[in-house]
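Q: Below you will find the structure I want to go over with you.
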Amino acid sequence: MSRLSQSPQLFTIVRDLGLKASDNLVRDILRFCDRRVADLVADFSDRRNPSAVLDWIASKLGTRFEMVWNDSDLINLQEKYVALGEVGFIDLFNELSDDVFGITIRRHKQQPHEPPFVSVIDCRGTKGSRRYFTKWHEVAHLITMTDQLRLEFRRTNCSTQNKDPEEALMDVIAGQFGFRPPADFQFHAEDISFEAIDKLRQELCPEASRQAALISFVKFWPGPCMLITAKMALRKRDEVQCLQNKFDFADGPAQHLRAVYVTQSDIAREVDFTIFRNMRVPESSVIHQVYSHDVPYLEAKEDLDIWESSDGKALKPCLVSVKARRSWDGVEALITPVST
């Protein structure tokens with residue numbers, strides 16, 4: 001179980017939402033969000049369009065999106081709301097620093113017909129590719145907002161290091177609801193592929209980034225599959241050794257190509273179809289070949305028993321299809337079992 005699921009901060013959210021806490025707080029909150037979203041879209045007809053669903057839910061929750069594409073947009077937006085007496089916008093330019101992608105501010109001077117919140121989405125530079133995810137992140141805060149948290153600002157921080165548990169939870173909610181296909185959606189591709197996933201993105205949420213869509217749609221794929229992100233990395237014990245050994249003359253441990261991130265589909269998790277995080281990529285795998293030979297793409301049939309942990313234990317035999325492509329600092333691979 002992840003540390004997030006046992007976070008004291010999430011326990012406070014569960015308590016404030018009036019929920020009964022279990023041993024998995026993330027699951028408790030996601031179930032609450034399921035019920036809340038279902039109520040919010042009960043009278044909405046266009047549920048096959050996730051982007052339209054997002055705008056509908058945002059409106060129901062009392063916020064409007066303000067997109068800023070450059071510094072001029074941001075300054076004009078700040079001046080507009082400050083002129084309306086909204087003091088929460090006074091330091092908006094500084095609030096949207098390099099690592100902050102969005103902020104939701106509660107208004108105090110709005111007209112009766114205006115929403116009580118404004119969600120500012122920072123689309124400047126490379127932030128623009130994350131705008132869809134950022135919108136959902138901000139909406140996630142409003143879905144889970146309690147009376148005890150109503151006056152706090154909401155921020156989206158891109159850093160994965162020491163992320164605040166509440167912000168990490170909002171990322172989970174955004175991925176869960178921002179990319180979940182409609183209940184009656186038919187997947188057009190029998191076999192998963194990078195092309196099939198990008199086609200889903202274009203069909204369901206073209207505003208989303210390719211990377212966010214790739215990770216999220218793998219989770220919802222209607223069959224066992226994994227997304228492996230392989231990069232040069234150390235074993236966990238070697239990372240600790242490097243931190244402890246401060247002497248320049250000490251030889252550091254060697255890095256190897258490892259599965260630093262592993263994303264499973266829901267079905268893969270149910271049937272325990274997985275490669276453990278940080279396992280060393282076998283040199284015989286096409287994943288390793290794509291990296292070592294710097295080729296754009298390879299695919300092959302392999303057996304999972306070629307994967308071994310540091311203690312020499314191999315994974316259970318399972319014939320799989322591996323589709324691997326080069327990324328800028330490693331390799332991404334889609335892995336699915338082969339029917340026999």
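The values are calculated or read from the model by the stated rules, or taken from the named source; none is laboratory data. Since this is a predicted model, take the numbers as computed values, not measurements. When we count neighbours, we look across all protein chains shown, and the Cβ atoms used for this are built from the backbone with ideal geometry, even at glycine.
Q: Might you let me know whether the range 37-44 holds any residue that is in contact with a Lys or Arg (Cβ under 7 Å, 6 or more places away or on another chain), at pLDDT below 95, over 17 Å from GLU138 (Cα atoms) and not in a helix (DSSP H, G or I)?
A: yes
Q: Here is a further query. Determine whether LYS20 is without any contact (Cβ under 8 Å) to a residue 12 or more places away in the chain and either in a helix (DSSP H, G or I) or farther than 24 Å from PRO181 by Cα (or both).
A: yes
Q: Yes or no: LEU25 crowded, with 18+ Cβ neighbours inside 10 Å and more than 24 Å from THR146 (Cα to Cα)?
A: In short, no.
Q: Right, another one. Return the only residue of ASP46, ASP99 being in contact with a helix residue (DSSP H, G or I) (Cβ under 6 Å, 6 or more places away or on another chain), among the acidic types (Asp, Glu) and closer than 25 Å to SER129 by Cα.
A: The match here is ASP46.
Listed here are the residues, each with its yes/no results for (1) at pLDDT 95 or above; (2) farther than 23 Å from PRO206 by Cβ.
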{"residue": "ALA58", "(1), (2)": "yes, no"}
{"residue": "VAL68", "(1), (2)": "yes, no"}
{"residue": "TYR81", "(1), (2)": "yes, yes"}
{"residue": "VAL100", "(1), (2)": "no, yes"}
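Q: May I ask you to list the residues in the range 62-104 that are assigned to a loop (DSSP other than H, G, I, E, B) and surrounded by fewer than 14 Cβ atoms within 10 Å (Cβ to Cβ)?
A: Within the range 62-104, ASN70, GLY85, ILE90, ASP91, SER97, ASP98, ASP99 qualify.
Q: Something else about it: Tell me which residues, restricted to the range 187-219, are outside any loop (DSSP other than H, G, I, E, B) and within 13 Å of the chain's Cα centre (by Cα).
A: Once the filter is applied, which keeps residues that are outside any loop (DSSP other than H, G, I, E, B) and within 13 Å of the chain's Cα centre (by Cα), the range 187-219 yields ARG210, GLN211, ALA212, ALA213, LEU214, ILE215, SER216, PHE217, VAL218, LYS219.
Q: Considering only the range 280-305, state which residues are in a helix (DSSP H, G or I) and surrounded by 15 or more Cβ atoms within 10 Å (Cβ to Cβ).
A: VAL286, ILE287, HIS288, GLN289, VAL290, TYR291, LEU304
Q: Which condition does GLN111 not pass, out of (1) outside any helix (DSSP H, G or I); (2) surrounded by fewer than 17 Cβ atoms within 10 Å (Cβ to Cβ); (3) under 22 Å from the mean Cα position of the chain (by Cα), if it passes all the others?
A: Evaluating GLN111 over (1) outside any helix (DSSP H, G or I); (2) surrounded by fewer than 17 Cβ atoms within 10 Å (Cβ to Cβ); (3) under 22 Å from the mean Cα position of the chain (by Cα) leaves (3) as the failure.
Q: When the residues of the range 184-221 are narrowed to those that are small (Gly, Ala, Ser) and in contact (Cβ under 8 Å) with a residue 40 or more places away in the chain, which ends up farthest from TYR261 (Cα to Cα)?
A: Result: ALA208.
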